[in-house]
Ligand code: NAD
Ligand code: IPM
Ligand code: MN
């Protein structure tokens with residue numbers, strides 16, 4: 001049987017730096033566990049614009065549709081700020097998500113014991129935290145029409161539209177309920193049904209899917225603003241949170257700080273099963289291209305490495321290897337290894353991006 005295929009799109013800023021560490025780990029699994037992947041690499045974001053004048057070339061889009069999984073680093077940077085909206089690096093990523101129809105974005109926030117002191121919240125609030133935010137990723141205000149900037153009278157008007165169909169809500173709700181069954185069996189759905197019709201429909205559809213298909217899962221509803229507050233007040237009350245595209249973007253960045261650093265948060269963006277039974281999938285850290293530290297060997301590669309662990313689990317059915325990789329990350333953190341973003345109360349041992357990757361490999365091998 002052919003090896004599973006992976007397309008690597010390292011992107012901009014710290015993207016290539018953190019992805020280098022993932023590539024070392026992929027090689028390690030090949031050399032030591034006989035797990036071989038067919039790797040190919042291509043451009044997305046600002047680097048694709050520099051090479052081709054577009055943030056995602058059609059050939060790259062076509063490749064992404066064919067492979068078993070895409071691994072992405074990060075896109076964007078100040079160099080591209082002045083570009084026309086349609087050419088911005090972020091449009092490349094959004095096109096991948098939309099055209100691959102990756103509607104379910106899994107953003108786990110887990111607080112490793114070694115980092116419980118690093119959160120801006122008190123240790124007992126975050127210690128042992130393990131929540132999963134399921135963000136709808138292909139619809140809502142990110143993609144709704146009409147959109148644009150036009151002139152009305154003598155002033156400009158900026159327009160975006162929040163739009164959700166029943167089936168879009170139903171499929172992401174199902175994905176949240178399925179995940180909950182494998183975890184703490186609880187789903188909290190967040191919207192603003194008090195002010196938005198799309199929120200009313202969201203709440204109705206989630207409630208209907210629950211009653212018909214998942215009555216065994218505990219379901220609650222929260223307005224998303226209260227949800228943001230509850231996430232910092234008492235995050236351990238949650239197991240799975242399901243929410244729309246924009247609320248999910250905000251809530252997952254907030255959840256990042258519960259874990260100590262944005263450099264720790266992985267994600268999986270999943271779509272419908274392909275002919276081979278694997279879901280369409282793209283894995284990427286939640287963080288961006290971090291222009292302030294790019295090129296300095298300071299970036300924390302853990303979010304990108306944990307994203308690869310999610311690929312092992314969700315695309316390749318290698319749950320044991322995913323557990324081992326996560327345990328290796330936990331071990332190096334317990335040993336006190338710290339990239340700059342993790343320098344905190346315990347002092348720790350400062351390490352570079354590549355030293356962190358090497359230590360994780362050493363822990364895997366131990
Ligand atoms: P960012 O996530 O790039 O950085 C926010 C802060 O977190 C910075 O201080 C940065 O140094 C720090 N940080 C982020 N990741 C880190 C890591 N792995 N290790 C250590 N520190 C880390 O967000 P931003 O500054 O708002 O955005 C910068 C660019 O990235 C923008 O162009 C934005 O659109 C883009 N962006 C891309 C993605 C993506 O590719 N998925 C996600 C978010 C932002
Ligand atoms: C994320 C990012 C993206 C988003 C941007 C870069 C398009 O912030 O993945 O969280 O807003 O979805
Ligand atoms: Mn974001």
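Just so you know, all these numbers are worked out from the coordinates, no wet-lab data involved. Note that the structure is a prediction, hence the values are computed from the model and not measured. Backbone-built Cβ (ideal geometry, glycine too); neighbour counts: all protein chains shown.
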What length, rounded to one decimal in nm, is gained on full extension from residue 32 through to residue 207, with 0.36 nm per residue of separation minus their alpha-carbon distance?
58.3 nm
Taking R0 as 35 Å and r as the Cβ-Cβ distance between residue 196 and residue 99, the FRET efficiency 1/(1 + (r/R0)^6), rounded to the nearest 0.05, comes to 0.85
Alpha-carbon centroid distance for the pair the stretch 273-317 / the stretch 80-156, whole angstrom
14
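Taking the Cβ of each residue in 97, 313 as the centre, tally the other Cβ atoms inside 10 Å and list the residues starting with the fewest. Kindly include the intermediate steps, with their values, before the conclusion.
Numbers: 97 21, 313 18.
Ascending Cβ contact count within 10 Å gives the list 313, 97.
Given only helices, namely DSSP H runs of n ≥ 4 each adding -39500 (n - 2.57), what is the per-residue ellipticity at 222 nm of the chain, to the nearest 500 deg cm²/dmol?
Working: 12 runs with 147 residues, N = 366.
Dividing the helical sum by the residues of the chain leaves -12500 deg cm²/dmol.
Shape call for the chain from the C-alpha gyration tensor, a ≥ b ≥ c root eigenvalues: rounded (a/c under 1.5), prolate (a/b greater than b/c) or oblate?
Rounded.
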Counting only DSSP beta bridges with both partners in the stretch 130-257, the antiparallel fraction in percent, to the nearest 5, comes to 30
Could you line up 104, 120 from fewest to most neighbouring Cβ atoms inside 10 Å?
120, 104
Shape of the stretch 1-160, Cα gyration tensor, a/c cut at 1.5
oblate
Which of the three applies to the stretch 239-331, rounded, prolate or oblate, going by the alpha-carbon gyration tensor with a ≥ b ≥ c and a/c under 1.5 meaning rounded?
oblate
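For residue 276 and residue 145, calculate 0.36 nm times their separation in residues minus their Cα-Cα distance, and state this gained length in nm to one decimal.
Numbers: separation 131, 0.36 × 131 = 47.16 nm, distance 3.37 nm.
Length difference between fully extended and current span is 43.8 nm.
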Please report the antiparallel percentage of the DSSP beta bridges confined to the chain, to the nearest 5.
40
For the residue pair residue 365 and residue 152, what label-to-label distance in nm results when each label sits 7 Å from Cα along the Cα-to-beta-carbon direction?
6.4
What ranking of 352, 198 emerges when the number of other C-beta atoms within 10 Å of each C-beta is taken as an exposure proxy, fewest first?
352, 198
